[in-house]
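Undergrad: Shown below is the structure under consideration.
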Amino acid sequence: MLNIPTIGKKRIVIIGGGFAGLKLANKLRNSNFQIVFIDKNNYHQFQPLFYQVATSGIEPSAILFPFRKIFNSYKDLHLRITEVLEILPEQKRIRTISGTCFYDYLIIATGATTSFFGLENVEKIAHPMKSVVEAISLRNCILENMEKALLIDKPEDQVPYMNIVVVGGGPTGTEVAGALAEMRKHIFPKEYKELDITRIRIVLIEASSSLVKGMSSGSSSKSMEYLLKLGVEVRIGIRVIDYFHSTVILSDGEKIPSNTVIWAAGIKGNKIPGLPDFVWNSFDRIKVDEFNAVIGLSDVFALGDICLMESKEYPLGHPQVAQVAIQQADCLAGNLLRKDKNNKLKSFQYKNLGSMATIGRHLAVVDLPFIKLKGIIAWYIWMFIHLMAILGVRNKLVVFINWIWSYFTFDQSLRLIIHRKTNKNAL
Ligand SMILES: Cc1cc2nc3c(=O)[nH]c(=O)nc-3n(C[C@H](O)[C@H](O)[C@H](O)COP(=O)(O)OP(=O)(O)OC[C@H]3O[C@@H](n4cnc5c(N)ncnc54)[C@H](O)[C@@H]3O)c2cc1C
């Protein structure tokens with residue numbers, strides 16, 4: 001039964017400690033509610049910097065923060081590290097690996113996971129980046145394939161180990177492609193002297209008609225210009241359709257040999273069974289009304305990437321970004337407090353604070369509501385905003401020192417291949 005005391009206060013169960021769940025718990029701290037906070041990991045993950053972990057730019061611990069440290073001064077908050085397996089709305093209960101728990105209000109903030117659009121062969125080999133574990137696994141893959149290339153004597157057989165294919169030209173794909181191009185320029189020539197580094201291809205594939213979709217057309221074309229400047233090959237309007245014999249097959253018939261395939265192309269909600277079918281859309285997002293209440297259910301709410309709120313301005317739902325999750329949590333916290341006092345609820349209005357992407361050293365694009373910036377100024381703004389958003393003073397310092405170090409030395413010492421003991425493929 002998760003060992004949670006009944007204390008005579010209404011119980012709010014929050015599933016998921018991402019941007020949404022954390023913000024909600026923070027706004028309701030020391031309120032008149034009992035909070036049960038559940039996550040399958042014991043840490044919060046700062047997803048926007050996963051790509052820097054994957055490209056050996058920062059250490060994983062710098063972008064993680066343990067929940068117990070965040071909550072140690074919160075009253076009546078019970079943290080349970082366990083995975084939620086099922087929601088039973090008619091009983092007002094959830095079922096976890098470790099037992100069940102009742103709720104007065106349930107908040108689902110489980111975020112999103114990767115969608116491979118049914119491409120089974122691609123799913124078997126491609127590396128997604130939706131968790132820090134996946135980011136580390138990608139780091140291993142990039143470094144291991146370079147090591148494997150060195151072990152091969154015939155240059156033609158080295159090709160799949162040296163080519164890197166990035167699928168998805170949104171901010172994540174664009175950022176990772178840029179970071180890899182920087183590695184190819186500054187790191188690999190020093191460390192893999194026996195390989196012909198000019199033969200390493202980095203290919204970015206985007207199915208739609210532009211890069212960093214969602215940003216302005218100016219930022220999109222600048223991103224393309226920056227990537228080309230860094231030597232990234234960009235394919236626009238092209239889809240990956242399959243993967244056979246170490247080769248990525250594209251919709252225009254092109255074949256790219258590669259054992260390093262990075263998937264930053266599609267996402268779907270982190271679905272928990274139990275809710276009726278009518279609440280889900282085709283990308284496993286939960287349909288909610290303007291108060292984040294799940295349609296057709298009472299006392300169940302969904303926040304952030306997992307939810308889909310249709311509105312006049314956003315008929316297909318809000319973008320799945322951190323600010324939406326944070327602002328929705330902020331609004332819902334206010335509404336739960338209002339509900340408790342029988343006051344009128346406020347509907348959610350998204351305030352778009354802007355978007356940004358960094359492609360390489362001094363190369364970034366920033367779209368703010370009042371101004372659009374590019375180049376070195378945008379790069380400094382990107383760094384400042386991300387640094388401020390990371391949880392914890394220590395983490396901010398570690399990331400800042402890492403960035404300063406690599407700025408002056410063009411280097412990092414985090415290129416470590418670390419496997420679990422049981423992994424038979426370990427070098
Ligand atoms: C690589 C990458 C880069 C990104 N870059 C940016 C960026 O630059 N700017 C931006 O605004 N957004 C960015 N995003 C998107 C942003 O990170 C998400 O929009 C945001 O994290 C959504 O917050 P959330 O709280 O809805 O979910 P999440 O942050 O995903 O949190 C979900 C939580 O739920 C937990 N969970 C899931 N299922 C269960 C279960 N069954 N039981 C228990 N716990 C569970 C997970 O462990 C996790 O802690 C990026 C995302 C990725 C993957």
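Undergrad: Would you compute, from DSSP H runs of 4+ residues alone, the mean residue ellipticity of the chain at 222 nm, taking -39500 (n - 2.57) per run and dividing by the full residue count, rounded to the nearest 500?
TA: Calculated at 222 nm, the ellipticity per residue is -9500 deg cm²/dmol.
Undergrad: Rg and Dmax of region 1-153, Cα atoms, in Å?
TA: So, for region 1-153, Rg and Dmax equal 19.1, 71 Å respectively.
Undergrad: Distance cut-off 26 Å, Cα to Cα: go down the list LYS268/LYS312; LYS27/LYS341; LYS190/LYS396 and report the pairs above it. Walk me through the numbers before you get to the answer.
TA: Numbers: LYS268/LYS312 22 Å; LYS27/LYS341 16 Å; LYS190/LYS396 29 Å.
Correct reply: LYS190/LYS396.
Undergrad: Taking the chain as the reference, fit the longest principal axis to its C-alpha atoms, fit the long axis of helix 132-150 to the helix C-alpha atoms, and give the angle between the two in degrees, 0 to 90, nearest 10.
TA: Computed tilt is about 10 degrees.
Undergrad: Find, among the chymotrypsin sites (Phe, Trp or Tyr not before Pro) in region 5-65, those assigned to loop by DSSP (not H, G, I, E, B) with at most 13 other beta-carbon atoms within 10 angstrom. Provide the component values of the computation, followed by the final result.
TA: Numbers: sites: PHE19, PHE33, PHE37, TYR43, PHE46, PHE50, TYR51; in loops: PHE46.
When the chymotrypsin sites (Phe, Trp or Tyr not before Pro) of region 5-65 are filtered for loop state and at most 13 Cβ neighbours within 10 Å, nothing remains.
Undergrad: Out of the chymotrypsin sites (Phe, Trp or Tyr not before Pro) in region 303-382, which ones are loop residues according to DSSP with at most 14 other C-beta atoms within 10 Å?
TA: PHE370
Undergrad: On to the next question. Restrict the search to region 157-240; then list the GluC sites (Glu not before Pro) that DSSP places in a loop and that have at most 11 other Cβ atoms within 10 Å of their Cβ.
TA: Details: sites: GLU175, GLU182, GLU191, GLU194, GLU206, GLU225, GLU233; in loops: GLU194.
In loop regions of region 157-240 (DSSP not H, G, I, E or B), the sparsely surrounded GluC sites (Glu not before Pro) are GLU194.
Undergrad: To continue, here is another question. Scale the Cα Rg of region 136-187 by the rule-of-thumb value 2.2 N^0.38 Å and send over the ratio, two decimals. All intermediate terms of the calculation are to be shown ahead of the outcome.
TA: On the way: Rg = 12.1 Å, N = 52, 2.2 N^0.38 = 9.9 Å.
In units of the globular-protein estimate, region 136-187 measures up at 1.23.
Undergrad: In which sequence would VAL399, VAL234 go, from the one with the fewest C-beta neighbours within 10 Å to the one with the most?
TA: Numbers: VAL399 22, VAL234 19.
By the 10 Å Cβ count, ascending, the order reads VAL234, VAL399.
Undergrad: Among DSSP beta bridges whose residues both lie in region 120-265, state the antiparallel percentage, nearest 5. Walk me through the intermediate numbers first.
TA: Numbers: 7 of 21 bridges.
Bridges in region 120-265 that DSSP calls antiparallel: roughly 35 percent.
Undergrad: OK, next. Please arrange LEU24, LEU211 by how many other C-beta atoms lie within 10 Å of their C-beta, fewest to most. Walk me through the numbers before you get to the answer.
TA: Numbers: LEU24 31, LEU211 28.
Starting with the residue having the fewest Cβ neighbours, the order is LEU211, LEU24.
Undergrad: While we're on this one: Where does helix 322-340 land angle-wise versus the long Cα axis of the chain, in degrees 0 to 90, nearest 10?
TA: Compared with the principal axis, the helix lies near 0 degrees.
Undergrad: Helix 375-389 sits at what angle to the longest principal axis of the chain, using alpha carbons and giving 0 to 90 degrees rounded to 10?
TA: 40
Undergrad: Given 20 °C and 1.002 mPa s, how large is the Stokes-Einstein diffusion coefficient of region 120-265 in µm²/s, with Rh as the Kirkwood radius over Cα pairs?
TA: Details: Rh = 15.5 Å.
Once the numbers are plugged in, D ends up at 139 µm²/s.
Undergrad: Going by average Cβ neighbours within 10 Å, how do the peptides 215-223, 91-99 rank, with the highest at the top?
TA: On the way: 215-223: 19.1, 91-99: 16.0.
Most protected by this proxy first, the peptides run 215-223, 91-99.
Undergrad: From the Cα trace of the chain, what convex hull volume per residue do you get, rounded to a whole Å³?
TA: Values: hull volume 65.2 nm³, N = 427.
Spelled out: Cα convex hull of the chain, divided by residues, is 153 Å³.
A short reminder: the numbers here are calculations on the coordinates, not readings from a lab. All figures in this text were calculated on a predicted structure; none of them were measured in a lab. Here the Cβ is made from the backbone with ideal geometry for all residues, glycine too, and neighbour counts use every protein chain on show.
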